[in-house]
1. Working only within the range 40-64, note down all residues that are modelled with pLDDT of 90 or more and aliphatic (A, V, I, L, M).
2. Could you list, in sequence order, all residues of the range 226-252 that are outside any helix (DSSP H, G or I) and either over 28 Å from the mean Cα position of the chain (by Cα) or not small (Gly, Ala, Ser) (or both)?
3. Which one of Ala338, Ala327 is among the small types (Gly, Ala, Ser) and at pLDDT below 85?
4. Can we say Val83 is in a helix (DSSP H, G or I), surrounded by 15 or more Cβ atoms within 10 Å (Cβ to Cβ), at pLDDT 85 or above and not assigned by TED's automatic domain parsing to the domain that holds Val178?
5. On the basis of being of a type in the set (Gly, Ala, Ser) and surrounded by 21 or more Cβ atoms within 10 Å (Cβ to Cβ), does Ala406 make the cut?
6. Just one of Gly372, Gly387 is touching a helix residue (DSSP H, G or I) at 6+ places or on another chain (Cβ under 8 Å) and not hydrophobic (A, V, I, L, M, F, W, C); which is it?
7. One residue is enough: does the range 156-175 have a residue meeting the conditions in the same structural domain as Phe362 (by TED's automatic domain parsing) and under 28 Å from Ser342 (Cβ atoms)?
8. When both residues are 6+ apart or on different chains and their Cβ atoms are under 8 Å apart, which pairs have a first residue that lies in the range 288-313 and is in contact (Cβ under 8 Å) with a residue 40 or more places away in the chain, and a second that is basic (Lys, Arg) and in a helix (DSSP H, G or I)?
Amino acid sequence: METKKNDVKALNPILQFVKKSSFSSYLLFFSAFMALVLANTPAHEHIQAFLYKTVGFTIGNFAVYKTMLLWINDGLMSIFFFVIGLELKREIIAGELSNPKNVVMPMVGAAGGMILPALVYYFVNSQGSAESLNGWGIPMATDIAFALGVLYLLGPKVPIQLKVFLTALAIIDDIGAVSVVALFYTSEIVVFNLVIAGVFLGLLFLLSKLGVRDVLVFAIIGIVGVWLPFLLSGVHATIAAVLVAFAIPATRAIDKDKYLADLNHLMEQFKVAGKSEKEVYLLSPNEENIIGEIQRISYDSISPLQRLERSMHSFVLFVVMPIFALANAGVVIDRNFAEMISSPVSMGIILGLMVGKLIGIFGLSMLGLKLGWYKMPENLNAKMVLGASFLAAIGFTMALFINSLAFEYQVYLEQAKMGILLASFLSGLLGYYITKKAIAHR
(Lines give C-alpha, C1' and ligand atoms only; values in the text may rest on other atoms or scores of the structure.)
Protein backbone atom coordinates (compact mmCIF):
# COMPACT_ATOMS: atom_id res chain seq x y z
CA MET A 1 0.00 0.00 0.00
CA GLU A 2 2.89 2.31 0.89
CA THR A 3 4.52 1.64 -2.49
CA LYS A 4 1.36 2.70 -4.32
CA LYS A 5 1.23 5.94 -2.34
CA ASN A 6 4.87 6.65 -3.13
CA ASP A 7 4.26 5.88 -6.83
CA VAL A 8 1.39 8.36 -6.95
CA LYS A 9 3.52 10.94 -5.13
CA ALA A 10 6.38 10.39 -7.58
CA LEU A 11 4.08 10.78 -10.57
CA ASN A 12 2.44 13.91 -9.19
CA PRO A 13 5.09 16.42 -10.38
CA ILE A 14 4.91 14.91 -13.88
CA LEU A 15 1.12 15.19 -13.91
CA GLN A 16 1.35 18.79 -12.71
CA PHE A 17 3.92 19.56 -15.40
CA VAL A 18 1.70 18.09 -18.11
CA LYS A 19 -1.17 20.29 -16.96
CA LYS A 20 0.86 23.47 -17.37
CA SER A 21 0.15 25.36 -20.57
CA SER A 22 3.88 25.78 -21.14
CA PHE A 23 4.19 22.01 -21.67
CA SER A 24 2.45 22.31 -25.03
CA SER A 25 5.22 24.69 -26.14
CA TYR A 26 7.90 22.17 -25.13
CA LEU A 27 6.04 19.42 -27.01
CA LEU A 28 5.66 21.59 -30.09
CA PHE A 29 9.35 22.54 -30.01
CA PHE A 30 10.32 18.88 -29.57
CA SER A 31 8.12 17.88 -32.53
CA ALA A 32 9.73 20.51 -34.74
CA PHE A 33 13.19 19.43 -33.58
CA MET A 34 12.40 15.78 -34.34
CA ALA A 35 11.07 16.72 -37.78
CA LEU A 36 14.35 18.53 -38.45
CA VAL A 37 16.43 15.57 -37.22
CA LEU A 38 14.43 12.94 -39.14
CA ALA A 39 14.60 15.00 -42.33
CA ASN A 40 18.37 14.55 -42.23
CA THR A 41 18.43 10.78 -41.67
CA PRO A 42 17.71 7.80 -43.94
CA ALA A 43 14.17 7.83 -42.48
CA HIS A 44 13.40 10.96 -44.54
CA GLU A 45 12.59 9.02 -47.71
CA HIS A 46 10.16 6.74 -45.87
CA ILE A 47 8.50 9.74 -44.17
CA GLN A 48 8.09 11.54 -47.50
CA ALA A 49 6.65 8.37 -49.08
CA PHE A 50 4.11 8.19 -46.26
CA LEU A 51 3.20 11.90 -46.41
CA TYR A 52 2.65 11.81 -50.18
CA LYS A 53 0.70 8.56 -50.18
CA THR A 54 -2.81 9.08 -51.57
CA VAL A 55 -5.66 8.19 -49.23
CA GLY A 56 -9.40 8.74 -49.60
CA PHE A 57 -12.81 7.17 -50.04
CA THR A 58 -15.41 6.46 -52.71
CA ILE A 59 -19.20 6.49 -52.21
CA GLY A 60 -21.02 5.59 -55.43
CA ASN A 61 -19.88 8.12 -58.04
CA PHE A 62 -18.46 10.44 -55.41
CA ALA A 63 -14.75 10.15 -54.60
CA VAL A 64 -12.26 12.20 -52.56
CA TYR A 65 -8.56 11.31 -52.59
CA LYS A 66 -5.77 13.43 -51.11
CA THR A 67 -2.20 12.89 -49.96
CA MET A 68 -1.62 12.24 -46.25
CA LEU A 69 0.09 15.63 -46.02
CA LEU A 70 -3.02 17.36 -47.39
CA TRP A 71 -5.26 15.40 -45.02
CA ILE A 72 -3.09 16.70 -42.16
CA ASN A 73 -3.02 20.28 -43.43
CA ASP A 74 -6.64 20.42 -44.63
CA GLY A 75 -8.26 17.94 -42.26
CA LEU A 76 -6.39 17.76 -38.98
CA MET A 77 -5.61 21.49 -39.02
CA SER A 78 -9.32 22.17 -39.50
CA ILE A 79 -9.73 20.97 -35.91
CA PHE A 80 -7.08 23.53 -34.89
CA PHE A 81 -8.95 26.28 -36.74
CA PHE A 82 -12.28 25.12 -35.30
CA VAL A 83 -10.92 25.63 -31.77
CA ILE A 84 -9.52 29.02 -32.82
CA GLY A 85 -13.03 29.89 -34.04
CA LEU A 86 -14.55 28.84 -30.70
CA GLU A 87 -11.97 30.94 -28.83
CA LEU A 88 -12.62 33.94 -31.07
CA LYS A 89 -16.38 33.72 -30.54
CA ARG A 90 -15.96 33.41 -26.76
CA GLU A 91 -13.54 36.36 -26.65
CA ILE A 92 -15.87 38.53 -28.73
CA ILE A 93 -18.93 37.64 -26.62
CA ALA A 94 -17.48 37.71 -23.11
CA GLY A 95 -13.67 37.83 -23.25
CA GLU A 96 -10.93 40.38 -23.83
CA LEU A 97 -12.34 41.43 -27.21
CA SER A 98 -15.71 42.31 -25.65
CA ASN A 99 -14.21 45.30 -23.80
CA PRO A 100 -13.21 48.15 -26.17
CA LYS A 101 -10.60 49.37 -23.66
CA ASN A 102 -8.73 46.07 -23.96
CA VAL A 103 -8.87 46.00 -27.74
CA VAL A 104 -7.60 49.35 -29.09
CA MET A 105 -3.89 49.02 -28.26
CA PRO A 106 -3.62 45.31 -29.26
CA MET A 107 -5.61 46.08 -32.43
CA VAL A 108 -3.19 48.84 -33.45
CA GLY A 109 -0.24 46.57 -32.64
CA ALA A 110 -1.76 43.60 -34.49
CA ALA A 111 -2.47 45.73 -37.58
CA GLY A 112 1.14 46.89 -37.64
CA GLY A 113 2.33 43.37 -36.88
CA MET A 114 0.58 42.05 -39.98
CA ILE A 115 1.15 44.86 -42.48
CA LEU A 116 4.83 45.67 -41.79
CA PRO A 117 6.12 42.04 -42.01
CA ALA A 118 4.29 41.58 -45.33
CA LEU A 119 5.85 44.79 -46.69
CA VAL A 120 9.33 43.80 -45.47
CA TYR A 121 9.01 40.40 -47.15
CA TYR A 122 7.71 41.95 -50.37
CA PHE A 123 10.57 44.48 -50.44
CA VAL A 124 13.24 41.79 -49.92
CA ASN A 125 11.72 39.60 -52.66
CA SER A 126 10.70 42.40 -55.05
CA GLN A 127 13.29 41.29 -57.62
CA GLY A 128 12.39 37.59 -57.30
CA SER A 129 9.99 35.34 -59.16
CA ALA A 130 6.21 35.60 -58.98
CA GLU A 131 6.05 32.49 -56.79
CA SER A 132 8.64 33.78 -54.32
CA LEU A 133 6.50 36.92 -53.89
CA ASN A 134 3.60 34.65 -52.95
CA GLY A 135 5.15 34.12 -49.50
CA TRP A 136 4.29 37.62 -48.26
CA GLY A 137 1.63 36.22 -45.90
CA ILE A 138 4.04 33.90 -44.04
CA PRO A 139 5.67 36.45 -41.67
CA MET A 140 2.28 37.99 -40.80
CA ALA A 141 1.41 35.07 -38.52
CA THR A 142 1.75 34.73 -34.73
CA ASP A 143 1.77 31.33 -33.04
CA ILE A 144 -0.54 31.98 -30.08
CA ALA A 145 0.32 28.71 -28.31
CA PHE A 146 4.08 29.23 -28.54
CA ALA A 147 3.96 32.95 -27.69
CA LEU A 148 1.79 32.46 -24.60
CA GLY A 149 3.73 29.31 -23.67
CA VAL A 150 6.98 31.29 -23.49
CA LEU A 151 5.25 34.03 -21.50
CA TYR A 152 3.92 31.50 -18.98
CA LEU A 153 7.48 30.19 -18.49
CA LEU A 154 8.17 33.47 -16.69
CA GLY A 155 5.85 32.40 -13.89
CA PRO A 156 3.29 34.22 -11.75
CA LYS A 157 5.18 37.54 -11.72
CA VAL A 158 3.95 38.30 -15.24
CA PRO A 159 1.32 41.09 -14.95
CA ILE A 160 -2.14 39.99 -16.00
CA GLN A 161 -2.28 43.08 -18.25
CA LEU A 162 0.67 41.74 -20.27
CA LYS A 163 -1.08 38.39 -20.70
CA VAL A 164 -4.24 40.22 -21.81
CA PHE A 165 -2.27 42.36 -24.28
CA LEU A 166 -0.44 39.43 -25.87
CA THR A 167 -3.58 37.23 -25.92
CA ALA A 168 -5.71 39.93 -27.57
CA LEU A 169 -2.88 40.70 -30.00
CA ALA A 170 -2.52 37.04 -30.99
CA ILE A 171 -6.28 36.55 -31.33
CA ILE A 172 -6.64 39.61 -33.60
CA ASP A 173 -3.64 38.32 -35.55
CA ASP A 174 -5.45 34.97 -35.94
CA ILE A 175 -8.45 36.77 -37.42
CA GLY A 176 -6.10 38.47 -39.87
CA ALA A 177 -4.36 35.20 -40.76
CA VAL A 178 -7.68 33.43 -41.37
CA SER A 179 -8.81 36.32 -43.58
CA VAL A 180 -5.54 36.24 -45.55
CA VAL A 181 -5.88 32.49 -46.15
CA ALA A 182 -9.49 32.90 -47.25
CA LEU A 183 -8.88 35.83 -49.60
CA PHE A 184 -5.42 35.25 -51.05
CA TYR A 185 -4.40 31.60 -50.66
CA THR A 186 -7.15 29.82 -52.52
CA SER A 187 -7.05 27.91 -55.79
CA GLU A 188 -9.70 28.08 -58.54
CA ILE A 189 -13.06 28.49 -56.83
CA VAL A 190 -15.99 26.17 -57.58
CA VAL A 191 -18.96 28.42 -56.79
CA PHE A 192 -21.53 25.58 -56.76
CA ASN A 193 -19.75 23.86 -53.87
CA LEU A 194 -19.53 27.14 -51.96
CA VAL A 195 -23.29 27.65 -52.42
CA ILE A 196 -23.94 24.16 -50.96
CA ALA A 197 -21.65 24.96 -48.01
CA GLY A 198 -23.40 28.31 -47.52
CA VAL A 199 -26.84 26.66 -47.38
CA PHE A 200 -25.74 24.15 -44.73
CA LEU A 201 -23.90 26.87 -42.78
CA GLY A 202 -27.10 28.91 -42.76
CA LEU A 203 -28.93 25.81 -41.49
CA LEU A 204 -26.44 25.54 -38.60
CA PHE A 205 -27.02 29.17 -37.58
CA LEU A 206 -30.79 28.59 -37.81
CA LEU A 207 -30.56 25.47 -35.60
CA SER A 208 -28.50 27.45 -33.10
CA LYS A 209 -31.12 30.21 -33.08
CA LEU A 210 -33.90 27.63 -32.59
CA GLY A 211 -32.17 26.29 -29.48
CA VAL A 212 -30.75 23.01 -30.84
CA ARG A 213 -27.83 22.12 -28.58
CA ASP A 214 -26.87 18.60 -29.68
CA VAL A 215 -23.19 18.81 -30.62
CA LEU A 216 -23.47 15.66 -32.78
CA VAL A 217 -26.00 17.41 -35.07
CA PHE A 218 -23.60 20.33 -35.57
CA ALA A 219 -20.68 17.92 -36.14
CA ILE A 220 -22.45 15.90 -38.86
CA ILE A 221 -23.83 18.92 -40.73
CA GLY A 222 -20.60 20.86 -40.20
CA ILE A 223 -18.34 18.14 -41.60
CA VAL A 224 -20.52 16.74 -44.40
CA GLY A 225 -22.46 19.87 -45.34
CA VAL A 226 -19.90 22.65 -44.83
CA TRP A 227 -16.33 21.36 -44.49
CA LEU A 228 -16.44 18.80 -47.35
CA PRO A 229 -17.94 21.23 -49.93
CA PHE A 230 -15.32 23.81 -48.88
CA LEU A 231 -12.61 21.18 -49.41
CA LEU A 232 -13.88 20.64 -52.96
CA SER A 233 -14.53 24.34 -53.68
CA GLY A 234 -10.97 25.65 -53.85
CA VAL A 235 -11.37 27.84 -50.75
CA HIS A 236 -9.24 26.34 -48.00
CA ALA A 237 -11.23 23.92 -45.84
CA THR A 238 -9.89 25.39 -42.58
CA ILE A 239 -12.01 28.49 -43.21
CA ALA A 240 -15.10 26.26 -43.02
CA ALA A 241 -13.98 25.13 -39.57
CA VAL A 242 -13.87 28.73 -38.31
CA LEU A 243 -17.32 29.50 -39.77
CA VAL A 244 -18.85 26.35 -38.24
CA ALA A 245 -17.34 27.31 -34.87
CA PHE A 246 -19.19 30.62 -35.00
CA ALA A 247 -22.46 28.71 -35.46
CA ILE A 248 -21.97 26.69 -32.24
CA PRO A 249 -24.46 27.90 -29.57
CA ALA A 250 -22.95 30.06 -26.83
CA THR A 251 -26.11 30.10 -24.71
CA ARG A 252 -26.91 27.78 -21.80
CA ALA A 253 -30.06 25.69 -21.40
CA ILE A 254 -30.07 26.52 -17.66
CA ASP A 255 -28.96 29.93 -16.39
CA LYS A 256 -26.81 30.40 -13.29
CA ASP A 257 -29.62 31.31 -10.87
CA LYS A 258 -31.80 28.36 -11.86
CA TYR A 259 -28.79 26.03 -11.71
CA LEU A 260 -27.94 27.10 -8.14
CA ALA A 261 -31.58 26.79 -7.03
CA ASP A 262 -31.95 23.31 -8.60
CA LEU A 263 -28.58 22.21 -7.21
CA ASN A 264 -29.47 23.27 -3.67
CA HIS A 265 -32.82 21.50 -3.95
CA LEU A 266 -31.19 18.27 -5.18
CA MET A 267 -28.54 18.41 -2.45
CA GLU A 268 -31.23 18.65 0.19
CA GLN A 269 -32.98 15.66 -1.38
CA PHE A 270 -29.71 13.71 -1.40
CA LYS A 271 -29.22 14.29 2.34
CA VAL A 272 -32.50 12.60 3.21
CA ALA A 273 -32.51 10.01 0.40
CA GLY A 274 -32.93 6.35 1.36
CA LYS A 275 -29.60 4.68 2.05
CA SER A 276 -28.44 1.40 0.57
CA GLU A 277 -27.94 -1.59 2.85
CA LYS A 278 -24.36 -1.72 1.56
CA GLU A 279 -23.86 2.04 1.67
CA VAL A 280 -20.09 1.69 2.05
CA TYR A 281 -19.88 0.49 -1.57
CA LEU A 282 -23.13 1.36 -3.32
CA LEU A 283 -25.62 4.20 -3.60
CA SER A 284 -29.33 3.61 -3.23
CA PRO A 285 -31.39 3.89 -6.44
CA ASN A 286 -32.79 7.17 -5.12
CA GLU A 287 -29.31 8.58 -4.49
CA GLU A 288 -28.21 7.41 -7.92
CA ASN A 289 -31.12 9.22 -9.58
CA ILE A 290 -30.36 12.45 -7.73
CA ILE A 291 -26.70 12.36 -8.75
CA GLY A 292 -27.77 11.68 -12.35
CA GLU A 293 -30.02 14.76 -12.23
CA ILE A 294 -27.15 16.85 -10.83
CA GLN A 295 -24.99 15.69 -13.73
CA ARG A 296 -27.73 16.59 -16.22
CA ILE A 297 -28.29 20.13 -14.94
CA SER A 298 -24.53 20.65 -14.65
CA TYR A 299 -24.15 19.62 -18.30
CA ASP A 300 -26.97 21.96 -19.38
CA SER A 301 -25.53 24.87 -17.38
CA ILE A 302 -22.47 25.02 -19.70
CA SER A 303 -22.86 26.25 -23.27
CA PRO A 304 -21.95 23.87 -26.12
CA LEU A 305 -19.28 26.39 -27.19
CA GLN A 306 -17.48 26.25 -23.83
CA ARG A 307 -17.85 22.46 -23.55
CA LEU A 308 -16.31 21.93 -26.98
CA GLU A 309 -13.52 24.43 -26.43
CA ARG A 310 -12.57 22.86 -23.10
CA SER A 311 -12.77 19.26 -24.36
CA MET A 312 -10.90 19.87 -27.64
CA HIS A 313 -8.21 22.26 -26.44
CA SER A 314 -5.91 19.56 -25.06
CA PHE A 315 -6.37 17.40 -28.17
CA VAL A 316 -5.31 20.32 -30.37
CA LEU A 317 -2.30 21.23 -28.20
CA PHE A 318 -1.02 17.71 -27.58
CA VAL A 319 -2.04 15.86 -30.77
CA VAL A 320 -2.97 18.09 -33.72
CA MET A 321 -0.18 20.68 -33.48
CA PRO A 322 2.66 18.20 -32.80
CA ILE A 323 1.55 16.01 -35.75
CA PHE A 324 1.38 19.12 -37.96
CA ALA A 325 4.89 20.14 -36.83
CA LEU A 326 6.27 16.65 -37.49
CA ALA A 327 4.77 16.68 -41.00
CA ASN A 328 5.75 20.23 -41.96
CA ALA A 329 8.84 21.39 -40.06
CA GLY A 330 11.39 19.00 -41.58
CA VAL A 331 14.13 20.66 -43.62
CA VAL A 332 16.99 18.87 -45.38
CA ILE A 333 20.18 20.64 -44.29
CA ASP A 334 23.07 20.16 -46.71
CA ARG A 335 26.12 22.05 -47.84
CA ASN A 336 23.86 24.78 -49.19
CA PHE A 337 22.70 25.70 -45.66
CA ALA A 338 24.24 29.20 -45.78
CA GLU A 339 22.73 29.72 -49.22
CA MET A 340 19.30 28.66 -47.95
CA ILE A 341 19.42 31.07 -45.00
CA SER A 342 20.65 33.97 -47.14
CA SER A 343 18.06 33.40 -49.89
CA PRO A 344 15.52 36.21 -50.44
CA VAL A 345 12.64 33.94 -49.33
CA SER A 346 14.33 32.96 -46.06
CA MET A 347 15.66 36.48 -45.36
CA GLY A 348 12.29 37.99 -46.18
CA ILE A 349 10.67 35.80 -43.53
CA ILE A 350 13.43 36.32 -40.93
CA LEU A 351 13.43 40.10 -41.37
CA GLY A 352 9.65 40.16 -41.70
CA LEU A 353 9.16 38.38 -38.38
CA MET A 354 12.04 39.87 -36.39
CA VAL A 355 12.09 43.41 -37.80
CA GLY A 356 8.65 43.85 -39.35
CA LYS A 357 6.83 42.51 -36.27
CA LEU A 358 8.98 44.62 -33.96
CA ILE A 359 8.41 47.87 -35.86
CA GLY A 360 4.79 47.04 -36.55
CA ILE A 361 3.73 46.00 -33.05
CA PHE A 362 6.07 47.97 -30.78
CA GLY A 363 6.45 50.98 -33.07
CA LEU A 364 2.75 51.46 -33.80
CA SER A 365 1.73 50.70 -30.20
CA MET A 366 4.08 53.43 -28.93
CA LEU A 367 2.96 55.80 -31.70
CA GLY A 368 -0.65 55.33 -30.63
CA LEU A 369 0.32 56.19 -27.05
CA LYS A 370 2.09 59.37 -28.21
CA LEU A 371 -0.93 60.39 -30.28
CA GLY A 372 -3.25 59.82 -27.31
CA TRP A 373 -5.36 57.06 -28.90
CA TYR A 374 -5.19 55.12 -25.63
CA LYS A 375 -3.26 54.91 -22.36
CA MET A 376 -0.66 52.38 -21.33
CA PRO A 377 -2.47 49.64 -19.36
CA GLU A 378 -1.77 49.52 -15.63
CA ASN A 379 1.37 47.55 -14.59
CA LEU A 380 2.67 47.62 -18.18
CA ASN A 381 5.67 49.53 -19.53
CA ALA A 382 7.39 50.00 -22.87
CA LYS A 383 9.99 47.27 -22.23
CA MET A 384 7.23 44.71 -21.57
CA VAL A 385 5.51 45.70 -24.83
CA LEU A 386 8.89 45.31 -26.56
CA GLY A 387 9.27 41.80 -25.13
CA ALA A 388 5.70 40.90 -26.14
CA SER A 389 6.44 42.19 -29.67
CA PHE A 390 9.28 39.68 -30.00
CA LEU A 391 7.09 36.88 -28.59
CA ALA A 392 4.46 37.75 -31.21
CA ALA A 393 7.18 37.24 -33.85
CA ILE A 394 7.10 33.49 -33.12
CA GLY A 395 5.30 32.51 -36.30
CA PHE A 396 5.77 28.74 -36.26
CA THR A 397 2.41 26.87 -36.63
CA MET A 398 0.50 29.53 -38.58
CA ALA A 399 3.58 30.50 -40.60
CA LEU A 400 4.28 26.87 -41.55
CA PHE A 401 0.62 26.46 -42.47
CA ILE A 402 0.60 29.51 -44.78
CA ASN A 403 3.94 28.33 -46.20
CA SER A 404 2.29 25.05 -47.26
CA LEU A 405 -0.28 27.09 -49.21
CA ALA A 406 2.06 29.73 -50.62
CA PHE A 407 4.64 27.63 -52.46
CA GLU A 408 4.69 24.65 -54.78
CA TYR A 409 8.38 24.91 -55.65
CA GLN A 410 10.19 22.64 -53.13
CA VAL A 411 13.24 24.89 -52.80
CA TYR A 412 11.07 27.82 -51.69
CA LEU A 413 9.23 25.59 -49.23
CA GLU A 414 12.53 24.48 -47.67
CA GLN A 415 13.96 28.01 -47.57
CA ALA A 416 10.78 29.33 -45.97
CA LYS A 417 10.77 26.59 -43.33
CA MET A 418 14.35 27.41 -42.39
CA GLY A 419 13.50 31.10 -42.10
CA ILE A 420 10.42 30.37 -39.97
CA LEU A 421 12.26 28.03 -37.59
CA LEU A 422 15.27 30.31 -37.13
CA ALA A 423 13.25 33.52 -36.72
CA SER A 424 10.77 31.87 -34.32
CA PHE A 425 13.58 30.44 -32.19
CA LEU A 426 15.51 33.73 -31.98
CA SER A 427 12.34 35.76 -31.39
CA GLY A 428 11.32 33.43 -28.56
CA LEU A 429 14.73 33.76 -26.87
CA LEU A 430 14.81 37.55 -27.22
CA GLY A 431 11.19 37.90 -26.12
CA TYR A 432 11.81 35.74 -23.05
CA TYR A 433 15.00 37.61 -22.06
CA ILE A 434 13.58 41.14 -22.61
CA THR A 435 10.29 40.41 -20.84
CA LYS A 436 12.08 38.75 -17.90
CA LYS A 437 14.33 41.80 -17.46
CA ALA A 438 11.39 44.19 -17.81
CA ILE A 439 9.40 42.36 -15.12
CA ALA A 440 12.41 42.18 -12.76
CA HIS A 441 13.08 45.95 -12.99
CA ARG A 442 9.53 47.31 -12.93
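1. Scanning the range 40-64 gives Ala43, Ile47, Ala49, Leu51, Val55.
2. Selection gives Leu232, Val235, His236, Ile248, Pro249, Thr251, Arg252.
3. Exactly one residue qualifies, and that residue is Ala338.
4. yes
5. yes
6. The unique qualifying residue is Gly387.
7. Yes; the residues of the range 156-175 include at least one that is in the same structural domain as Phe362 (by TED's automatic domain parsing) and under 28 Å from Ser342 (Cβ atoms).
8. Partner pairs satisfying both residue conditions: Ser301/Lys256; Leu305/Lys89; Leu305/Arg90; Gln306/Arg90; Glu309/Arg90.
The values are calculated or read from the model by the stated rules, or taken from the named source; none is laboratory data. It should be emphasised that the depicted structure is a prediction, and the values quoted were computed from it without experimental measurement. Using ideal geometry, Cβ is built from the backbone for each residue, glycine included, and neighbour counts are taken over all protein chains shown.
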